[in-house]
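**Student:** Quick one: this structure, given as C-alpha cells, is what I'll be asking you about.
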Amino acid sequence: MRKNLKEARQKAGMTQRQVAEYLGMTERAYQRIENGERIGMIETWDLLEDLFKIHQRILREISSN
C-alpha cells in the first residue's frame, strides 16, 4: 500500500473517486495505484504531486502494511 498517498488524499478531504475524476481515470484504476498494485504513468504522478503538494517520490513509496 502507498500509505503516504492514501494519507495525502485523506488529509485533502478527498475520496478515491474524486481523485480518480481529477486524474481522468476510473476509481478502480486509482485504487490499484493507491494499493500499490499498479505503478501508474509519470503524468499521473505529476498531477498527484500538484494536487497534494507533496513530492511524488514520497507519494510513490510502498509500505509493507
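The values are calculated or read from the model by the stated rules, or taken from the named source; none is laboratory data. Since the model is a prediction, treat every value here as computed from it, not as a measurement. Counting neighbours? That spans all protein chains shown, and the Cβs are built from the backbone with ideal geometry, glycine included. When the accessible area is computed, the model is the full protein with side chains, heavy atoms only, and any ligands, DNA or RNA have been set aside. Shrake-Rupley method; radii C 1.70, N 1.55, O 1.52, S 1.80 Å.
**Student:** Would you point out the residue of the range 25-46, among those that are among the charged types (D, E, K, R) and free of Cβ contacts under 8 Å to residues at least 24 places away in the same chain, that is nearest to Met14 (Cα to Cα)?
**Tutor:** Narrowing the range 25-46 to residues among the charged types (D, E, K, R): 27-28, 32, 34, 37-38, 43, 46.
Within this subset, residues satisfying the condition of being free of Cβ contacts under 8 Å to residues at least 24 places away in the same chain are 27-28, 32, 37-38, 43, 46.
Details: Glu27: 12, Arg28: 15, Arg32: 17, Glu37: 20, Arg38: 20, Glu43: 20, Asp46: 18 Å.
Ranking the qualifying residues of the range 25-46, first place goes to Glu27.
**Student:** Continuing with this model, one more query. Report whether or not Thr44 is farther than 14 Å from Arg57 by Cα and polar (S, T, N, Q).
**Tutor:** Values: farther than 14 Å from Arg57 by Cα: no; polar (S, T, N, Q): yes.
No; evaluated as a whole, the condition is false for this residue.
**Student:** Among the residues of the range 20-43, what is the count of those that are over 12 Å from Arg2 (Cβ atoms) and of a type outside the set (Asp, Glu)?
**Tutor:** To start, the set of residues in the range 20-43 that are over 12 Å from Arg2 (Cβ atoms) comprises 20-29, 41-43.
Right, trim to of a type outside the set (Asp, Glu) and you get 20, 22-26, 28-29, 41-42.
Number satisfying all stated conditions: 10.
**Student:** Under 7 Å between Cβ atoms, which residue pairs at least 6 apart in sequence (or on different chains) link something in the range 47-65 that is without any contact (Cβ under 8 Å) to a residue 60 or more places away in the chain and among the aliphatic types (A, V, I, L, M) with a partner that is in a loop (DSSP other than H, G, I, E, B) and open to solvent by less than 100 Å² (accessible area, probe 1.4 Å)?
**Tutor:** Within 7 Å, the pairs are Leu59/Arg2.
**Student:** Mind telling me which of the residues Ala8, Ala12 ends up being within 13 Å of Leu59 (Cβ to Cβ) and more than 11 Å from the chain's Cα centre (by Cα)? Explain how you work it out, then say what you get.
**Tutor:** Numbers: Ala8 fails: more than 11 Å from the chain's Cα centre (by Cα).
Result of the check over Ala8, Ala12: Ala12.
**Student:** With respect to Gln18, is the statement that it is loosely packed, with under 12 Cβ neighbours inside 10 Å and at pLDDT 95 or above true? Reasoning before the result, please.
**Tutor:** Details: loosely packed, with under 12 Cβ neighbours inside 10 Å: no; at pLDDT 95 or above: yes.
Answer is no for this residue.
**Student:** Of the conditions (1) crowded, with 17+ Cβ neighbours inside 10 Å; (2) in contact (Cβ under 8 Å) with a residue 12 or more places away in the chain; (3) among the aliphatic types (A, V, I, L, M), Ala12 fails just one. Which one is it?
**Tutor:** Every condition holds for Ala12 apart from (1).
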